[in-house]
Number of protein chains: 4
Amino acid sequence: MVLTTAILDTVDELRQTVAALHGELTRNELVIWTAGNVSARVPGQDLMVIKPSGVSYDNLAGETMVVTDLFGNLVHGELAPSSDTAAHAYVYRHMPEVGGVVHTHSTYATAWAARGEPIPCVLTMIADEFGGDIPVGPFAIIGDDSIGRGIVETLRGSRSPAVLMQNHGPFSVGKDARSAVKAAVMVEDVARTVHIARQLGAPLAISQQDIDQLHQRYQNVYGQH
Amino acid sequence: MVLTTAILDTVDELRQTVAALHGELTRNELVIWTAGNVSARVPGQDLMVIKPSGVSYDNLAGETMVVTDLFGNLVHGELAPSSDTAAHAYVYRHMPEVGGVVHTHSTYATAWAARGEPIPCVLTMIADEFGGDIPVGPFAIIGDDSIGRGIVETLRGSRSPAVLMQNHGPFSVGKDARSAVKAAVMVEDVARTVHIARQLGAPLAISQQDIDQLHQRYQNVYGQH
Amino acid sequence: MVLTTAILDTVDELRQTVAALHGELTRNELVIWTAGNVSARVPGQDLMVIKPSGVSYDNLAGETMVVTDLFGNLVHGELAPSSDTAAHAYVYRHMPEVGGVVHTHSTYATAWAARGEPIPCVLTMIADEFGGDIPVGPFAIIGDDSIGRGIVETLRGSRSPAVLMQNHGPFSVGKDARSAVKAAVMVEDVARTVHIARQLGAPLAISQQDIDQLHQRYQNVYGQH
Amino acid sequence: MVLTTAILDTVDELRQTVAALHGELTRNELVIWTAGNVSARVPGQDLMVIKPSGVSYDNLAGETMVVTDLFGNLVHGELAPSSDTAAHAYVYRHMPEVGGVVHTHSTYATAWAARGEPIPCVLTMIADEFGGDIPVGPFAIIGDDSIGRGIVETLRGSRSPAVLMQNHGPFSVGKDARSAVKAAVMVEDVARTVHIARQLGAPLAISQQDIDQLHQRYQNVYGQH
């Protein structure tokens, strides 16, 4: 595939952005060694930018990032793409509103995933960002579309931008890569807080009406507009 | 509202102070992403300095901080104030002795808040700083005065400078913003220690008389005078 | 008291050492805010160097450190000494082999102290450094000699260089301030590891004979000689 | 033993590598004070490079590393080798495929070791890297070959590159020192995640067939080839 100069400029900027966002994964202690990845859809193209496979976070400059089509075939860049590329690509093919995908093995979110248990919506922060319980996706083996399909099917049944893949770890999505990273940071934070709350008893429930009101407000009012 | 030069000088200094104190929130791992805020009363004025809404802690220079009146209306600055401004403002209107307010979602304090359970005074450090159990405030939805009112009513029934708002997280107050940040740091520290102590059994009680004596001494003798 | 030039040189060097060792407390996450302190005996003198009261760890240059006699009276320096000075001084008066004392409220050690429960010797590292269980000292109120007396009486009945003062936190001692800091770092580390081991069952015991052999070897063979 | 110039060049490069890899132990919070060590086999020689005993991680330049034969006798360097040298040497003598060995007392792995309990393979990451449960080795006292023998016998019965020595801590091996450090980082990470999962219930099992498939794929496909 030949990329025009205009697309190459967009791609180069996205590679810088995606490389820098991997720094948020380490800063927020969501990943160890090479075990996590961020991708971004190239707007208007059937392309994505993603981390190469098995490369240390210390060596993640923008130029290291690779470009693939939405079936995971390498289009641009010199390294093999992340071994999770197929899952990212499946999400982009089936969720056109998604511009960024993040996968980690962050400790507390993965612990809920190991038990196959959704994180209950017992904090105002969960209602704000996730709009309800954070759901669990099916057990799926790497190598075909089963991880991607499990992510998409689970997210479609929920307001949550994050899914806990059973025995595996969280995947999160967003309108762009930064939003997906924010969801990855927050899913670990609330996974930890609710875990700790549960250790000494039962957290108090929040009513569905309050959850709806909090979610509605946060999605529409919060931040700078 | 037009601010005189003298007040503007005070305000500019407070903006620097408040911006710098947000660095203590990250350094002490009390916040992730943009989820926490510090404010300070402008001494002698019906004004407060507070963090803008949804802005990253990396971008919090003094100039970014905004000034509002004590009903949360923007008076000075270019960004929308924190979505928690109404709660801070309510505290300043009703507690004239308070010069600083801090809100976080720090993990262990929020875990106690999720269960609606006060932190028992089983450490000398809790007696020193909080003078007894750290109380829980009501569940309240953002959008009107109910969070502010819950904070003020709970703090008035206690010697504690911190309150755990149910399903939400801690708010703390102090004579100035730095004291309120100190209380925010300490409430998380003791929330964690007592949580961990409770995981393997029952912490030993401290008698009311000892609590009173420790609190009295710490509030009057500790530090440089 | 007038200090000779030779003693002042020793004191100035010790002040640098003690100031720098406070950096180990923060680096090892044993303290928050101003809640921990290191002291050193001035060799051959009835004097000690200690942290001033209520001063931030960011401002702890050597010159900030104060010198007191072994009853806690200020001899040199401009700030009020730590509120724990009486406890440090009591230890130096009654344990001539001790050259350094450290006090923290480190999380896991304080959690064991809150339950009044010794840390059992179930790790080779505990046998190496502490020679057996890490003992609990009595509940004691600040303000007289009762904390110091509790520390000394507890340490005398043990091979451990650290004691968990009930509802309060750990104190540790060493031949010099660095050794006492090492014991403070290690008591928190093993307090955490044994806590976590205990959460999911009973740690396996180590026989008294093995504990003795490990302790004997570590105290005499380990390190550079 | 006289080393040729060619071997000395290799040795000097390995000393830099091994020194730098100790930085990964601190960065990943696997060690405190001086309690952990990395070694590397000198390729083609009956020699190894290892950390000196009781030296702070701040002072670990390449020149500080020592060279011993595979019985732990000092061949090159000025400091006494790590007190764990005999265990490393035993592994190199008996496992010719091993080029690097790491020992830590990392918190969660050591907690499983304290209970003498293997870490069950309930995460895809464990299947990938360890190929099954992470096994426990026998209780063994330092001073003779019993630790080394316990490591080798346990690893031979497993696909795991890491073993949890009872009441002591993890040892890990790899084709080179970097691989052994990776295993040390990952054993702590999965020890923590499975611990946390277990605190609130039973993690879901992964079938032996899925474990085999994941392990096979990760060992042969992952990374850059």
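When the GluC sites (Glu not before Pro) in region D:86-166 are filtered for DSSP coil states and for at most 14 other beta-carbon atoms within 10 Å of their beta-carbon, the remaining sites are D:97.
Surface composition of the protein assembly as shown: carbon and sulfur atoms hold 49% of the protein heavy-atom accessible area at a 1.4 Å probe. The DSSP beta bridges internal to region C:5-220 are antiparallel in roughly 90% of cases.
Straight Cα distances below 29 angstrom link residue C:175 to the lysines C:51, D:51, with same-chain residues fewer than 8 positions distant left out.
Between the helical axis of A:5-27 and the longest alpha-carbon principal axis of chain A there is an angle of about 40 degrees. Qualifying chymotrypsin sites (Phe, Trp or Tyr not before Pro) in region C:1-92, where qualification requires a DSSP coil assignment and no more than 14 other C-beta atoms within 10 Å, comprise C:71.
Normalised per residue, the accessible area of region A:87-225 is 33 Å², obtained with a 1.4 Å probe and no contribution from ligands, DNA or RNA. Once the partner protein chains are put back, region D:195-217 shows a loss of at least 20 square angstrom of accessible area, versus the chain by itself, at D:195, D:196, D:197, D:198, D:199, D:200, D:204, D:206, D:210, D:213, D:214, D:217 (probe 1.4 Å, ligands and nucleic acids excluded).
Out of all DSSP beta bridges with both ends in the protein assembly as shown, state the antiparallel percent to the nearest 5. Bridges in the protein assembly as shown that DSSP calls antiparallel: roughly 90 percent.
Helix D:177-199 and the longest principal axis of the C-alpha atoms of chain D enclose an angle of approximately 30°. For the residues A:43, A:161, A:138, a GNM of chain A with alpha-carbon springs under 10 Å puts the largest fluctuation on A:43. Under the criterion of Cα pairs below 8 Å and six or more residues apart, the relative contact order for chain D equals 19 percent. Taking other residues whose beta carbon is less than 15 angstrom from the beta carbon of residue D:201, and scoring Lys, Arg as +1 and Asp, Glu as -1, yields +2.
Interface residues of region C:24-42, defined as those with an accessible-area decrease of at least 10 Å² between the chain by itself and the complete set of protein chains (probe 1.4 Å), are C:24, C:27, C:28, C:29, C:32, C:33, C:34, C:35.
Net charge in the neighbourhood of residue C:40 (other residues with Cβ under 11 Å of its Cβ; Lys, Arg +1, Asp, Glu -1) is +3.
Summing charges over all other residues whose Cβ lies under 13 Å from the Cβ of residue B:140, with Lys and Arg as +1 and Asp and Glu as -1, gives -4.
For the chain pair C and D, the interface hides roughly 2800 square angstrom of accessible area in total, found with a 1.4 Å probe.
In region B:78-107, comparing the full protein assembly with the chain on its own, the residues that lose 10 Å² or more of accessible surface at a 1.4 Å probe are B:79, B:80, B:83, B:105, B:107.
Think of each Lys and Arg Cβ as +1 and each Asp and Glu Cβ as -1; about the Cα centre, that makes the dipole of region D:5-220 roughly 420 debye.
Any idea what angle helix C:146-156 forms with the longest principal axis of chain C, computed on alpha-carbon atoms, 0 to 90 degrees, nearest 10? The angle comes out near 50 degrees.
The values are calculated or read from the model by the stated rules, or taken from the named source; none is laboratory data. The shown structure was predicted, so the numbers you read here are calculated from the model rather than taken from an experiment. Because the Cβ atoms are built from the backbone with ideal geometry, glycine has one as well, and the counts that use them run over all protein chains shown. Each accessible area value is taken on the protein alone, full model and side chains, heavy atoms only, with ligands, DNA and RNA left out. Shrake-Rupley method; radii C 1.70, N 1.55, O 1.52, S 1.80 Å.
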